[in-house]
Amino acid sequence: MARHFTYRTSGTCSQAIDITVDGDIITDVVFTGGCQGNTTGVSALIRGMKIDEAAGRLEGIDCRGRGTSCPDQLSRALREIMKTAE
C-alpha cells in the first residue's frame, strides 16, 4: 500500500520533499526548489531502492559548508518515515 509524506527541509535551497513509498520501497521523490538537475538525479537514482539503504547512502552529504544538503535532508526524511513504520 503506497503512502505519501511531505518533509519540510531546513538549511537548503529546497523547501520541501514529497516522498511516496510502498512498503519499504521508495516509489517517487519530488523536491520543491533546489538545484533541479541534482534533485531530479538523486530522485531517479533512489527510485526502487529500499528506504534504509537510500537513507544510509545520502546521510551526511554537505553542500557548501551548510552542514546539510538536499540529499542529506532526504536522508533525514527517510529516517522519519522508517520511524513511523515501526
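The values are calculated or read from the model by the stated rules, or taken from the named source; none is laboratory data. Computed from a predicted structure; not experimentally measured. Here Cβ is always computed from backbone atoms with ideal geometry, including for glycine, and neighbour counts include all displayed protein chains. Keep in mind that these areas ignore ligands, DNA and RNA; they rest on the heavy atoms of the full protein, side chains included. Shrake-Rupley method; radii C 1.70, N 1.55, O 1.52, S 1.80 Å.
Which residue out of 17, 61, 25, 46 is touching a Leu at 6+ places or on another chain (Cβ under 6 Å), among the aliphatic types (A, V, I, L, M) and at negative phi?
Result: 17 is the single residue among 17, 61, 25, 46 that is touching a Leu at 6+ places or on another chain (Cβ under 6 Å), among the aliphatic types (A, V, I, L, M) and at negative phi.
Specify the residue that is farthest from the chain's Cα centre (by Cα); the eligible residues are those in region 16-31 that are charged (D, E, K, R) and more than 14 Å from residue 50 (Cβ to Cβ).
28
Here are some residues: 3, 47, 8. Which one is more than 15 Å from residue 69 (Cα to Cα) and either loosely packed, with under 14 Cβ neighbours inside 10 Å or in contact (Cβ under 8 Å) with a residue 40 or more places away in the chain (or both)?
Going through 3, 47, 8 in turn, just one is more than 15 Å from residue 69 (Cα to Cα) and either loosely packed, with under 14 Cβ neighbours inside 10 Å or in contact (Cβ under 8 Å) with a residue 40 or more places away in the chain (or both): 3.
Just wondering, is there one or more residues in region 52-60 that are in a loop (DSSP other than H, G, I, E, B), farther than 17 Å from residue 8 by Cα, at pLDDT 95 or above and out of contact with any Lys or Arg (no Cβ under 8 Å at 6 or more places or on another chain)?
There is at least one residue in region 52-60 that is in a loop (DSSP other than H, G, I, E, B), farther than 17 Å from residue 8 by Cα, at pLDDT 95 or above and out of contact with any Lys or Arg (no Cβ under 8 Å at 6 or more places or on another chain).
Looking at 29, 42, which is the one that is surrounded by 15 or more Cβ atoms within 10 Å (Cβ to Cβ) and in contact with a strand residue (DSSP E or B) (Cβ under 6 Å, 6 or more places away or on another chain)?
Result: 29 is the single residue among 29, 42 that is surrounded by 15 or more Cβ atoms within 10 Å (Cβ to Cβ) and in contact with a strand residue (DSSP E or B) (Cβ under 6 Å, 6 or more places away or on another chain).
With respect to residue 78, is the statement that it is within 12 Å of the chain's Cα centre (by Cα) and free of Cβ contacts under 8 Å to residues at least 12 places away in the same chain true?
no
For region 67-86, give me each residue that is open to solvent by 70 Å² or more (accessible area, probe 1.4 Å) and modelled with pLDDT of 95 or more.
76, 79, 80
Among the residues of region 51-66, what is the count of those that are open to solvent by 50 Å² or more (accessible area, probe 1.4 Å) and either hydrophobic (A, V, I, L, M, F, W, C) or within 12 Å of the chain's Cα centre (by Cα) (or both)?
5
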